[in-house]
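All remarks here apply to the structure that follows.
The values are calculated or read from the model by the stated rules, or taken from the named source; none is laboratory data. Keep in mind that what you see is a predicted model, and the values were worked out from it rather than measured. Here the Cβ is made from the backbone with ideal geometry for all residues, glycine too, and neighbour counts use every protein chain on show.
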Amino acid sequence: MRSINLRRVLIWVSVFSLAIIYIFNWVRMLNDQQILFTTDFVPFYSAAQISRNEGPSHIYDLELQKRYEEKIIGFSIPFENINIFVNPPFVVPLVSLVITPDLRISLVLWELMMIMVFLIGNIFVFKLLYKEMPITELFIFLLGIILFFPFYKSLLFGQNSAILFLGASVWMYGLIRKKDGLAGLGLALMTIRPHIVLPLALPFLFKRRSVFWWFLIGSASLAAFSQVYSGLDGVLGFLKMITVSANGVNMTVNEKYMVNLMGFLIRIFPNMSLSVIHWAGWSAYIFNFVFLCTLWIRSSEIQGRQIGLALLLTTFTTPHLHVHDLVLWIIPLVLILLSVKDNTLLINKYAPLPLWFSMGFLACLFSPILAEGIPFLILVILIYLVYYSTSKKIDSQAQQEAGIT
C-alpha cells in the first residue's frame with residue numbers, strides 16, 4: 001500500500017480551499033450592492049466618468065467626486081466619507097478602457113485587465129526561475145503566486161496593485177540580470193504608489209546610478225503624459241489627494257486597517273493621539289530612507305539581500321499601505337528561491353510558501369487576534385529568510401548569463 005504524501009495533500013487542500021473561497025467571495029461581492037459600493041473601484045469608476053463627462057482636469061475635484069459617487073450608490077454621503085481617488089492621472093485612461101454604464105460589468109472587465117497585467121509580471125518571475133528549479137516545484141510556486149492572497153484582495157477591491165507588481169517584477173529582473181535600464185523603468189512604473197517607490201529609488205544615487213537615471217526618465221515620461229492628459233490642475237489635484245491621504249483626515253483612508261507600522265500602532269494603542277502615531281510613522285519612513293541609502297553605500301554590489309530587505313522594510317514603514325499592496329512580497333519570495341536553487345531540500349521547503357502564507361492571510365478573516373499577528377509574523381519570517389538565505393550566487397549567475405566578466 002502506497003504511503004500518503006502529506007506535503008502533496010496539504011498543497012492541494014490549500015489550492016482548492018483558496019480557489020473555492022476566493023470564487024465564493026467574489027460572486028458574493030458582485031451580487032451584494034452594499035459590498036460592491038464599498039470597493040475601491042468606485043473612485044476609479046467615478047474618476048473615469050468625470051474625465052469623460054467633465055474633462056480630465058477635474059478628476060480630483062472633491063465636489064465632483066462626491067456627486068458622482070452619490071449617483072453610483074444612490075444616497076448622500078458626507079465629505080469625510082468620500083472614497084477619494086488617490087492615483088496618478090495616467091491610471092485614468094486605463095480605467096476608461098473598461099468603463100460601461102454598469103458598474104458591475106466595468107469592475108469585472110477591470111479585474112480581467114489586472115489579471116492580464118499580473119500574468120505579464122509573472123513572465124519575468126518565470127524567466128528567472130525556470131532553469132533554476134525542478135518543474136514540479138516551479139509549478140507549485142507559480143500556482144501559489146497566482147493564488148497569493150494580497151493579489152486576490154486587490155482584485156476583490158477593484159484595485160490596481162497588479163500594475164505595482166509588474167513594475168516591481170521588471171525592477172527585480174533588471175537588477176538580477178544586470179539590465180539597469182529595465183530596472184529603472186520598472187521602478188518608474190511603480191510610481192503608481194509614489195510613497196512606496198521613493199525609498200526604493202533614492203538609494204540608487206549611491207550605487208548603480210544608471211538605474212536612478214532610467215527611473216527619472218521613465219517617471220518624467222509618465223509625468224509628462226499626466227500633464228498632457230489632465231493639465232496642471234490635474235497634477236496639482238493629485239498632489240492634493242496625496243496630502244489628504246497622508247494626513248489620514250478622510251475616513252476612507254482606513255488607517256486602522258493598514259498593514260504597516262502606523263496601522264499596527266493605531267490598533268495596539270487605540271487611545272494614543274493620532275498626531276503622535278503619525279509622527280512615529282513618518283519618522284520610521286524617513287529612517288528607512290537613511291538606512292537603505294546607507295545599505296547601498298556599504299554594499300559592494302546590489303544583490304538579492306538588498307532588494308528583498310528594501311521591499312520588506314519599505315512596506316512596513318511606508319505611511320499608507322493596505323493588504324492588497326503586499327503583492328510586493330512575491331518579490332522576496334522569488335529571491336529566496338533563487339538563493340537556494342542548488343539545494344533540493346530547501347527548494348521543496350520554500351516553493352509552497354506563497355500557499356502557506358495565503359492560508360495564513362485567509363485565517364485573518366476569521367479572527368481579529370490572528371489578523372493582528374499573522375501579517376507581521378509573515379513579515380518577520382520573510383526578513384529572516386531574505387537576510388540569511390540570499391547570497392552572491394544570484395548575481396554571479398546573472399553575470400555569467402549576461403556575459404559579464
Q.
Here are the criteria: (1) surrounded by fewer than 17 Cβ atoms within 10 Å (Cβ to Cβ); (2) of a type in the set (Asp, Glu); (3) farther than 24 Å from Asn83 by Cα. Tell me which single one Asp180 does not satisfy.
A. (1)
Q) What tally of residues in the stretch 260-309 results from selecting those that are modelled with pLDDT of 90 or more, β-branched (Val, Ile, Thr) and surrounded by fewer than 19 Cβ atoms within 10 Å (Cβ to Cβ)? A) 5
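Return the residues of the stretch 327-360 that are farther than 27 Å from Met114 by Cα and in a loop (DSSP other than H, G, I, E, B); say none if nothing qualifies.
Taking the stretch 327-360 first, the residues farther than 27 Å from Met114 by Cα are 339-349.
Matches in the stretch 327-360: Val340, Lys341, Asp342, Asn343.
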**Q.** Residue check for Ser161: under 13 Å from the mean Cα position of the chain (by Cα), within 30 Å of Arg209 (Cβ to Cβ) and hydroxyl-bearing (Ser, Thr, Tyr)
**A.** yes
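Restricting to the stretch 52-63, give me the number of residues that are free of Cβ contacts under 8 Å to residues at least 60 places away in the same chain, within 15 Å of Val92 (Cα to Cα) and assigned to a helix (DSSP H, G or I).
If we filter the stretch 52-63 for residues that are free of Cβ contacts under 8 Å to residues at least 60 places away in the same chain, which is where we start, we get 52-55, 62-63.
Now restrict to residues that are within 15 Å of Val92 (Cα to Cα): 52-55.
Then keep just the ones that are assigned to a helix (DSSP H, G or I); that gives 52-53.
Qualifying residue count, the stretch 52-63: 2.
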Q: Please enumerate the residues belonging to the stretch 78-93 that are under 23 Å from Gly55 (Cα atoms) and either without any contact (Cβ under 8 Å) to a residue 24 or more places away in the chain or in a loop (DSSP other than H, G, I, E, B) (or both).
A: Phe79, Ile82, Asn83, Ile84, Phe85, Val86, Asn87, Pro88
